[in-house]
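Participant: This structure is in structure tokens; I'll ask about it shortly.
The values are calculated or read from the model by the stated rules, or taken from the named source; none is laboratory data. As the structure is a computational prediction, the values presented were derived from the model and not from experiment. Every residue, glycine among them, receives a Cβ derived from its backbone with ideal geometry; neighbour counts consider all protein chains shown. Keep in mind that these areas ignore ligands, DNA and RNA; they rest on the heavy atoms of the full protein, side chains included. Shrake-Rupley method; radii C 1.70, N 1.55, O 1.52, S 1.80 Å.
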Amino acid sequence: MRIRYDRQGDTLDMLLEDKQIHHAEEHDQVVVNFDEDGKVVEIEILNASKLLGGFLTEILRTPERGFVEIA
């Protein structure tokens, strides 16, 4: 799995499989991309900083930690 955050676009992408995207479904601020077999290959979160707030901020501050806990 690869996770990438685009600060300019405020988008968080979670690439689960490195496969061709066949179709997508939008659910509010979340876009789920599927391969031709209907398996999820990527999840995109739009306006990520607004949706994830402090959680995303803490992750970006501490990339060396394996786990981040938000109290």
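Participant: For the subset of the stretch 11-54 comprising residues that are assigned to a loop (DSSP other than H, G, I, E, B) and of a type in the set (Gly, Ala, Ser), which member is nearest to Met1 (Cα to Cα)? I'd like the intermediate steps shown before the answer.
Facilitator: Within the stretch 11-54, the subset assigned to a loop (DSSP other than H, G, I, E, B) is 16-22, 28-29, 35-39, 46-47, 53.
Next, from what is left, pick out any that are of a type in the set (Gly, Ala, Ser): 38, 53.
On the way: Gly38: 18, Gly53: 22 Å.
Ranking the qualifying residues of the stretch 11-54, first place goes to Gly38.
Participant: Would you be able to tell me the number of residues in the stretch 56-71 that are closer than 19 Å to Met1 by Cα, open to solvent by 50 Å² or more (accessible area, probe 1.4 Å) and either under 16 Å from the mean Cα position of the chain (by Cα) or modelled with pLDDT of 95 or more (or both)? Lay out the reasoning, then the answer.
Facilitator: We begin by selecting, within the stretch 56-71, every residue closer than 19 Å to Met1 by Cα; these are 56, 59-60, 62-68.
With open to solvent by 50 Å² or more (accessible area, probe 1.4 Å) added as a condition, the list becomes 59-60, 63-67.
Retained after the next criterion (residues that are either under 16 Å from the mean Cα position of the chain (by Cα) or modelled with pLDDT of 95 or more (or both)): 59-60, 63.
Counting residues in the stretch 56-71 that are closer than 19 Å to Met1 by Cα, open to solvent by 50 Å² or more (accessible area, probe 1.4 Å) and either under 16 Å from the mean Cα position of the chain (by Cα) or modelled with pLDDT of 95 or more (or both) gives 3.
Results for (1) surrounded by 13 or more Cβ atoms within 10 Å (Cβ to Cβ); (2) not β-branched (Val, Ile, Thr), shown as yes or no for each residue.
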{"residue": "Val31", "(1), (2)": "yes, no"}
{"residue": "Asp37", "(1), (2)": "no, yes"}
{"residue": "Val40", "(1), (2)": "yes, no"}
{"residue": "Glu44", "(1), (2)": "yes, yes"}
{"residue": "Ala48", "(1), (2)": "yes, yes"}
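Participant: Residue by residue through the stretch 1-29, note down the ones that are in contact (Cβ under 8 Å) with a residue 40 or more places away in the chain and surrounded by fewer than 15 Cβ atoms within 10 Å (Cβ to Cβ).
Facilitator: Taking the stretch 1-29 and keeping what is in contact (Cβ under 8 Å) with a residue 40 or more places away in the chain, we get 5, 10, 12.
Scanning the stretch 1-29 gives no hits.
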